[in-house]
Amino acid sequence: MSNVIVIGGGAAGMMAAYAAGMCGHSVTLLEKNEKLGKKIYITGKGRCNFTNACSEEDFLKNVVSNPKFLYSAIYTFNSDAMIDFVEMHGTETKVERGNRAFPASDHASDITKALKNALQEVNVDIQLNTSVSKLIASGDRVTGVELKNNKQLSADAVILCTGGLSYQTTGSTGDGLRWAKNIGLNVTDTRPALVPLNTKEPYIKEMQGLALKNVKLSIFNGKKKLYDEFGEMLFTHFGVSGPLVLSASSIIGKKLQETGELKAYIDLKPALSFDELDARVLRDFNDNMNKHLSSVLRGLLPASMVPVVIDIFDFDDMRQINSITKEERTILVELLKAFPFTITGLREYKEAIITQGGISIKDIDPSTMKCKNINGLSVAGEVLDLDAFTGGFNLQIAWATGYLAGISID
Ligand SMILES: Cc1cc2nc3c(=O)[nH]c(=O)nc-3n(C[C@H](O)[C@H](O)[C@H](O)COP(=O)(O)OP(=O)(O)OC[C@H]3O[C@@H](n4cnc5c(N)ncnc54)[C@H](O)[C@@H]3O)c2cc1C
């Protein structure tokens with residue numbers, strides 16, 4: 001039996017503490033907040049989309065950074081195992097569109113409740129309001145932790161689960177990333193991900209509040225296409241947001257930080273080819289020869305886009321349809337197929353669902369979550385250089401890596 005300290009009572013830390021306790025170790029869970037799982041309460045808009053009930057293969061397809069590293073973790077503790085775990089600890093679950101799993105009550109607190117029951121079952125010593133200030137190391141071995149009040153606690157094994165840098169008010173302030181650097185682990189560059197994007201053109205902000213459904217968003221670095229997906233997006237007072245944009249941020253974030261600007265295009269009519277849309281516009285024009293351009297555009301576009309489209313191409317909205325040339329119609333159709341704007345940056349960590357980057361997976365054994373070159377230290381959860389799309393995948397990464405770290409303690 002080992003004496004194990006788990007730092008961080010978030011998703012990964014609670015699961016790691018449970019798994020180590022289940023294996024018969026004596027486990028202490030240290031959490032700086034006044035309660036466990038503070039971030040879990042705000043996940044899934046308070047409903048906690050705690051996993052995704054898909055196959056392991058599909059799961060790994062939704063992991064953006066380092067999916068291969070997760071093979072052992074996800075095959076050891078998959079989404080079915082997590083659903084069973086939650087149910088066995090007193091919380092009923094349900095699966096919604098896109099295999100997203102939630103507590104049946106729609107209350108995120110019920111997921112934390114299940115975890116707390118599990119921790120109690122295996123006698124984990126939970127110490128709240130307990131902030132760790134550093135790892136204590138001797139040679140190539142971590143031997144314990146020092147608390148903010150200078151007290152030192154020794155351990156045979158420490159599991160680091162301090163999370164990333166997003167939504168810092170929940171406790172994830174990057175402490176683990178700093179300690180990791182100090183003891184010689186590699187930490188890859190971090191950036192906000194699953195985050196809204198800032199844009200340049202004032203006309204984007206003029207459309208704030210407008211949500212677009214069934215559009216295609218494409219993002220380019222020069223001629224190179226970086227992102228191309230269908231879905232929903234939203235215009236805001238600073239730029240763009242919504243599911244399509246959040247996913248895009250995870251793919252383009254690194255390049256955006258390198259280049260400072262990327263060009264984006266919205267295909268407002270992705271179901272129609274250019275020629276099909278041109279034929280549709282021509283039909284509309286023929287039916288409305290004596291009307292103004294703006295009144296015809298209202299049949300093609302959401303109302304708040306009409307003045308913007310007219311403005312961008314310097315059309316006069318009082319122009320009658322019968323005066324519009326074929327060349328002008330072509331420009332209009334091009335605009336509907338590729339409405340342009342410029343992305344200038346990621347929004348901040350406080351708006352980011354996840355942190356991209358973290359402790360390098362090259363320093364971690366994927367079959368145990370132990371550090372390869374530092375004895376007595378394991379790592380799990382968002383503090384690692386792992387991130388996925390929305391849909392329950394990020395929490396499942398935390399559960400699975402936490403579980404594997406816990407059961408792998410000697
Ligand atoms: C708004 C929002 C919504 C989200 N919704 C979903 C969703 O529906 N589904 C999904 O899969 N993912 C979601 N996520 C992502 C998910 O919450 C994270 O991936 C997950 O919480 C990571 O778990 P973790 O345990 O690694 O880190 P965290 O949950 O950040 O936990 C880290 C813990 O460590 C503690 N800690 C840090 N430093 C110290 C220290 N020095 N001493 C002691 N304790 C310390 C912190 O207080 C914290 O409790 C969402 C994230 C956000 C911000």
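A short reminder: the numbers here are calculations on the coordinates, not readings from a lab. Note that the coordinates shown come from a computational prediction; the quantities given were computed from them, not determined experimentally. So basically every Cβ, Gly included, is an ideal-geometry build from the backbone, and we count neighbours across all protein chains shown.
What to note about this one:
- Rounded to 5, percent antiparallel among DSSP beta bridges of the chain: 75
- When the chain is treated as a Gaussian network with alpha carbon springs shorter than 10 Å, the biggest mean-square fluctuation among 275, 80, 365 belongs to 275.
- Modelled this way, with points 7 Å down the Cα-to-C-beta line, the labels at residue 221 and residue 288 are 4.1 nm from one another.
- Cβ-based exposure ranking for 177, 212, in which fewest neighbours within 10 Å come first: 212, 177
- Spin-label proximity, residue 200 to the range 238-279 - amide N less than 19 Å from point 7 Å beyond Cα toward beta carbon: 238-241, 249, 252-267
- Extension gain from residue 45 to residue 410, taking 0.36 nm per residue of separation minus the Cα-Cα distance: 127.6 nm
- In terms of its alpha-carbon gyration tensor, the range 89-211 comes out oblate; a/c meets the 1.5 threshold, while b/c is at least as large as a/b.
- Residues of the range 267-298 with amide N under 13 Å of a point placed 7 Å along Cα→Cβ from residue 322: 286-292
- For the chain, built as a Gaussian network whose Cα springs stay under 10 Å, the top-fluctuating residue of 267, 311, 363: 311
- Here 179, 399 are placed in order of increasing Cβ neighbour count within 10 Å, fewest first, which gives 179, 399.
- Helix 11-22 axis, angle to the chain major axis (alpha carbon atoms, nearest 10°): 30
- CD proxy at 222 nm, helix term only [per DSSP H run n ≥ 4: -39500 (n - 2.57); per residue of the chain; nearest 500]: -9500 deg cm²/dmol
- Distance between the C-alpha centres of the range 154-195 and the range 236-261: 23 Å, rounded to the whole angstrom.
- Convex hull (Cα only) mean projected area of the chain, reported in nm² to one decimal: 21.2
- Label-zone membership for the range 300-331, site residue 271, 7 angstrom Cα→C-beta point, backbone N under 17 Å: 300-302
- Projected label points at residue 211 and residue 183, each 7 Å from Cα along the beta carbon direction, are separated by 4.5 nanometres.
- For the range 355-369, Karplus couplings with θ = phi - 60° (6.51, -1.76, 1.60), whole Hz, Gly/Pro x: 9, 8, x, x, 4, 5, 5, 5, 8, 10, 7, x, 8, 9, 6
- Degrees separating the helix 393-407 axis from the principal Cα axis of the chain, which is the longest one: 10
- Over the chain, relative contact order from alpha-carbon pairs under 8 Å, at least 6 apart, %: 26
- When the chain is treated as a GNM with alpha-carbon contacts under 10 Å, the residue of 372, 216, 326 showing the greatest mean-square fluctuation is 326.
- ³J(HN,Hα), Karplus 6.51/-1.76/1.60, whole Hz, each residue of the range 182-198, x for Gly, Pro: 4, 9, x, 7, 7, 10, 6, 3, 9, 7, x, 9, 6, 9, x, 10, 7
- Dipole orientation for the range 142-208: of the candidates 149, 196, 166, 149 has the Cα lying most toward the positive pole (charges on Cβ; Lys, Arg +1; Asp, Glu -1).
- Cβ-Cβ FRET estimate between residue 280 and residue 81, R0 fixed at 41 Å, reported to 0.05: 0.25
- 3J(HN,Hα) couplings calculated from phi for the range 271-284 with the Karplus curve 6.51 cos²θ - 1.76 cosθ + 1.60 (θ = phi - 60°) are, in sequence order, 6, 10, 6, 4, 5, 5, 5, 4, 5, 5, 5, 4, 4, 4 Hz; Gly and Pro show x.
- Note: relative contact order over the range 196-347, using C-alpha pairs below 8 Å and six or more positions apart, is 33 percent.
- Residues 48, 371, ranked from the fewest to the most other C-beta atoms within 10 Å, line up as 371, 48.
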